[in-house]
Amino acid sequence: MKRPHSFAVSFAVSLAARAALPLMLSVLAAPALAKLPPLSEEAKAKAEETKARGAHGDKVAAYKLCLAMDKVAADYRARAKSAGKEVRPATETPPCADPGAFVPAPPAAAASAPAAPVAAVTAPAAAASKP
């Protein structure tokens, strides 16, 4: 026995499922689109330090890569010479630059200059009010 309206029922169900999926996704995605509060000064400083550490790590990695390439090139030239092959002169490249140890920037709060002059401005005003 075949049902006469089985196609219509299955089509209606699939249509409802297709309509419900975007609705459910938009409801679940709404909190992700909410505006976050601005970062505090401490969080900004921490982010800057993390960024600086990452940049320094990139420089260290580039330095180590440069040293490894120089070592491989020197080894290749030595093996080629010992095998009696013709070795062309090396291409001039800049020397590997050691970035040194990471030095974090001083905190911005300790380096703020406006804090000292404000105290100096209020001190004469207090002295002037005393007779």
**OP:** For the range 31-62, enumerate the residues that are part of a helix (DSSP H, G or I) and more than 26 Å from ALA105 (Cα to Cα).
**Re:** PRO31, ALA32, LEU33
Original post:
Hey, does the range 81-92 have a residue that's within 30 Å of LEU65 (Cβ to Cβ), at pLDDT 80 or above and outside any loop (DSSP other than H, G, I, E, B)?
Top reply: yes
Original post:
For residues in the range 63-93 being touching a residue at least 12 places away in the same chain (Cβ under 8 Å) and over 28 Å from PRO107 (Cβ atoms), which is surrounded by the fewest Cβ atoms within 10 Å (Cβ to Cβ)?
Top reply: ALA90
Original post:
LEU21: under 37 Å from the mean Cα position of the chain (by Cα), in a loop (DSSP other than H, G, I, E, B) and either at pLDDT below 95 or acidic (Asp, Glu) (or both), yes or no?
Top reply: no
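The values are calculated or read from the model by the stated rules, or taken from the named source; none is laboratory data. Predicted, not measured: the structure shown is a model, and the values here were computed from it. With ideal geometry, Cβ positions are generated from the backbone for all residues, glycine too; neighbour counts draw on all protein chains shown.
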